[in-house]
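Each reported figure results from applying straightforward, stated rules to the coordinates on display, with no laboratory input. All figures in this text were calculated on a predicted structure; none of them were measured in a lab. Here the Cβ positions follow ideal geometry from the backbone for every residue, glycine too, while neighbour counts run over all protein chains shown.
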Amino acid sequence: MSTIAATAVIHPMAVVEAGAVIGENVRIGPFCHVGPRVTLKDGVELMSNAVVSGLTEIGPNSRIFPMAVIGGVSQSLHEAGEDSRLIVGANCTMREGVTMNCGTVGGGGITRVGDNCLFLANSHVAHDCILGNNIILSNNVMLAGHVRVEDYVILSGGCAVHQFTRIGRNAFIGGLAAVSYDVIPYGMLNGNPGILGGLNVVGMTRAGIERSVIHQVRRAFKQIFEGEGSARANAAAIREEYLDCPQVIEILDFIAAESDRALSSPHRGKN
């Protein structure tokens, strides 16, 4: 039997399967389908023809537009029907045709999306992706499996992100870019193959980072990617110089962390 709050409004032509949990002030439009293991938190709105399935939780005040399919089985070739989950945070918007898949057991069993994220039409979040807060996926953005995207990243229309790639906080990905390698925090990547063209200065400014700090990050960027050694060796060599600059240390930590992908650079797309 479903648990449906008294204040929920469900159109008579919607299907809410037994077992679903429907919170206060949820609105479900006509021709929607809500699966038996779905939880819709307070204030969620499903517009007509939206589908939410799988072991899926949608956070408070999130909105799902027509033809979106949220919580579908992963498209992994290793999918074998095991239990896995999708968790979407609060205040997220999933526009027309958005698809998000549950995780896979081999990838940790969960796909997770943070709060205040915007997914424009036909964007896709594959199995085992981990997304932070305040992220924008523009129209037709494609995230392959196991991608990690940190807070305040903007991915422009039609870009594609290779599986297991990491994208650091406040990075900007240009339209139609092919993201094959990790993108540092505050980085700006464009092209196919994707080239790290510099820093997302506009995003840094909007984030309230002072001009003097941006200059420090620019100087560190040049030392990392224009030095004689590899980017990782250069990053390690300058750490002591920037201990008082959290933004640079964040970049250095990102570069030093283990990863399945190489590092995007201004040169050949990787380093």
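Counting only DSSP beta bridges with both residues in region 158-271, tell me the antiparallel percent, nearest 5.
In region 158-271, DSSP labels about 40 percent of beta bridges as antiparallel.
For the chain, what does -39500 (n - 2.57) per DSSP helix run (n ≥ 4), summed and divided by total residues, give at 222 nm, in deg cm²/dmol to the nearest 500?
So the helix-based figure for the chain works out to -4500 deg cm²/dmol.
With a ≥ b ≥ c taken as the square roots of the eigenvalues of the C-alpha gyration tensor of region 124-184, please select rounded if a/c is under 1.5 and otherwise prolate if a/b is larger than b/c or oblate if it is not?
Since a/c stays below 1.5, the shape of region 124-184 is classed as rounded.
Any idea what angle helix 246-256 forms with the longest principal axis of the chain, computed on alpha-carbon atoms, 0 to 90 degrees, nearest 10?
Here the helix axis deviates by roughly 90 degrees.
Rounded, prolate or oblate, given the Cα gyration tensor of region 190-260, with a/c below 1.5 counting as rounded?
It comes out oblate by the Cα gyration axes.
Projected onto the charge dipole of the chain (+1 at Lys/Arg Cβ, -1 at Asp/Glu Cβ, origin at the Cα centre), which of 230, 123, 176 gives the Cα projection farthest towards the positive end?
176
To the nearest 20 Debye, how big is the dipole of the chain about its Cα centre, given +1 on the beta carbon of each Lys and Arg and -1 on that of each Asp and Glu?
560
Work out which GluC sites (Glu not before Pro) in the chain are exposed loop sites (DSSP not H, G, I, E or B, at most 15 other Cβ within 10 Å) and give the longest gap free of them.
After excluding every exposed loop site, the longest remaining stretch is 83-209.
Find out how many positive minus negative residues lie around residue 254, taking Lys and Arg as positive, Asp and Glu as negative, among other residues whose Cβ is under 9 Å from that of residue 254.
So the surrounding residues net to -2.
Bin width 5 Å, alpha-carbon pairs only: give the P(r) of region 3-146 as whole percents, running from 0 to the bin holding the largest distance.
Result, from short to long distances: 3, 11, 21, 27, 19, 13, 5, 1, 0 percent.
Evaluate the relative contact order of the chain (contact order divided by residue number), counting alpha-carbon pairs under 8 angstrom at least 6 apart; express in whole percent.
9
So if I take the centroid of the Cα atoms in region 223-271 and the same for region 84-98, what is the distance between those two points in Å?
With region 223-271 and region 84-98 each reduced to a Cα centre, they are spaced 33 Å.
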